[in-house]
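Heads up: the structure comes next, in structure tokens.
Just so it is clear, none of the values below were taken in a lab; they were calculated from the coordinates. Owing to the predicted nature of the structure, the values given are computational and were not obtained by experimental measurement. Cβ sites come from the backbone with ideal geometry, for glycine too, and all protein chains shown count toward neighbours.
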Amino acid sequence: MNYARQQDRRFRMFAAFVAAMAVLTLSGAAIPAQAQTYKVLYENPGAPGISNPNDEAIAQGRDGNLYTTDVLGGVSDDGTLFKFTPSGVATIVNTINYYPAGGVTLGTDGNFYGTNQNGGTFLCGESDGGQVYKVTPAGVQTILHSFMGNGDGCNPYSAPIQAADGVFYGTTTVNSYGGNNAESTVYTVTSGGVFTAIHTFTGPDGQNVYAPLVQGTDGNFYGDTIGGGTNNLGVIFKMTPAGAVTVLHSFGTPPDGKLAYYGLIQASDGNFYGTTQYGGTAANGIVFKITPGGTYSVLYNLNGHSDGANPSSSLVQASDGKLYGVANLNGSTQFGTIYSITTSGTYSVVYNFDNATGAFPASPLRQNTNGILYGTTYNGGDLSTCNGGGCGVLYSLNIGKVPFAGLVSTSDKEGAKIGILGQGFKTTSVVAFGGVQATSIKLGSATFITATVPVGALTGSVTVTTGSTRLSSNAKFRVTPTFPSFSPTSGPVGTPVVLTGTGLTQTTKVTFGGVKATNVTVNSDSQVTAYVPTGAKTGKIVITTKGGSAKSKTDFTVTM
């Protein structure tokens, strides 16, 4: 029996036991009414249809539909890629067959990217090594890499993310049931299948990586693990694009959390937020916060009762500014909860699952550009399916927020083509980046438009105006600077140096060899003049704007 099947069987047996106990406890008791706008969209029928979606991420496609995976559906009971409309019409897109854990990521090319826990060659202990794949919205799948366990890793558990450079970054875990001692890895893969393992975890810097990465606004990647670190309880780490890892926090004994299965998010305040499944003062999991510099704090301890127990997903920051997540167990009806938490730690239960409307939620919530949150549960729904436990549901949660524009990419330079998700788009739609109108747009459909970042674009919200309707992005778009040249190439302190590039309007700092220039003038979007400061050293010139930083390719020489 392979790893994915063993893991899911253990989960299903435990879930069925908890469900049976909960039914006995609640029989004859009225389930209290709850103030929420929760709606079951679709009750999964089980194989050969959709069955038991677990902790798979949900992506919004260019067509406005939601795409994700399950690991038990399909004709072979080995997983599918499926989509569902915002109103709940569900369709299997592709029968994957190799336990496509982790859901999918929408790429800038309009295709989806994900991983199979199994598949490929038989070199990772008792199971196949796993695969990373690309699949079109029509269901045509291409295997980009099959893991061999020979340094590239084994058994990926989460979908890769697409970074600002267009390359996909992903993680692998370890097959706990085999004899292969391959360590967890971080890899990159292009849409064409060029694969590189860029980091191998050794233990002190983490181990057993189930979570996906997130790229911070500083260009580095952040993630967490369930093993390794000082206490072998997992770590939170930062990684450069080249693969150099720094441990920011090692999880410890309570009241700290442990078993960080789920990825981090960077909220609008610049800090990272995540959850652990266990640990905390009540041993039922925590929500935590960590700054990019590594200042860590426990934001909230779940009490295991009314709060729910065992957070079972990463968080999402919705357009109301709150963070939303799900807890797999307990709450008022024992079947799990949806909760919200502010960045200052105010925690609220939004919904208590009651089995008939879903049980044991595990997928991270996804806010569609219509303003509504969507998710899945592992069990519940039609209790005549999946041996009386229900095969799970697809659901929506309306938090009363207006539609918005969703950015496929949240940073790029002037001249780049940016995909925008939404609704009601037309050829007459007007797109603006920080208030600066894009002069080139291409309508893909009523739910997708491409706009070219204009000269002079400003870091800030992207808006799409169609008639009297204006949609604003729920995230800032960062206009990254380019800095190809400067003149002169040498000079003493006090020399005016003209820096030429793009996206320079919002320049905030210029340094010479790491020393900040105190006299800087922004001449135009393509030109800045900076005077060589006292104490400047021979080295690279770095120009920083509100959208990022750019470093000169050659050194500026400081002369006497």
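In what order do E56, E414 fall by count of nearby beta-carbon atoms within 10 Å, going from fewest to most?
E414, E56
Quick one: if the Förster radius is 30 Å, what FRET efficiency do T230 and S348 give, using the C-beta to C-beta distance and rounding to 0.05?
My answer for the efficiency is 0.35.
If you average over every viewing direction, what projected area does the convex hull of the Cα atoms of the chain give, in nm²?
Computed as one quarter of the Cα hull surface, the answer is 25.9 nm².
How much length, in nm to one decimal, is gained on full extension between N519 and T469, taken as 0.36 nm per residue of separation minus their Cα-Cα distance?
That works out to 13.7 nm of additional length.
Full-extension gain between S487 and T410, please, as 0.36 nm times their residue separation minus the C-alpha to C-alpha distance.
Computed gain between S487 and T410 is 24.6 nm.
Relative to the first principal axis of the alpha-carbon coordinates of the chain, what is the inclination of helix 3-26, with its axis defined by its Cα atoms, in degrees from 0 to 90 and to the nearest 10?
Between the helix axis and the principal axis of the chain, the angle is about 60 degrees.
Between the stretch 246-316 and the stretch 52-67, how many Å separate their Cα centres?
24 Å
Any idea how far apart F195 and A446 come out in nm if each label point goes 7 Å out from Cα toward Cβ?
Result: 4.2 nm between the two label points.
What FRET efficiency comes out for Q437 versus K537 if R0 is 51 angstrom and r is the Cβ-Cβ distance? Round to the nearest 0.05.
Step by step, r from the Cβ atoms, then E = 0.75.
Which order do Y157, Y300 fall in if you start with the one that has the fewest other Cβ atoms within 10 Å?
Least to most surrounded, the residues fall as Y300, Y157.
Using 1/(1 + (r/R0)^6) with R0 = 22 angstrom and r between the beta carbons of V167 and T142, what's the FRET efficiency to the nearest 0.05?
Between V167 and T142 the formula returns 0.85.
Once fully extended, how much extra length lies between T291 and N303, figured as 0.36 nm per residue of separation less the alpha-carbon to alpha-carbon distance?
Using 0.36 nm per residue and subtracting the Cα-Cα distance, I get 1.8 nm.
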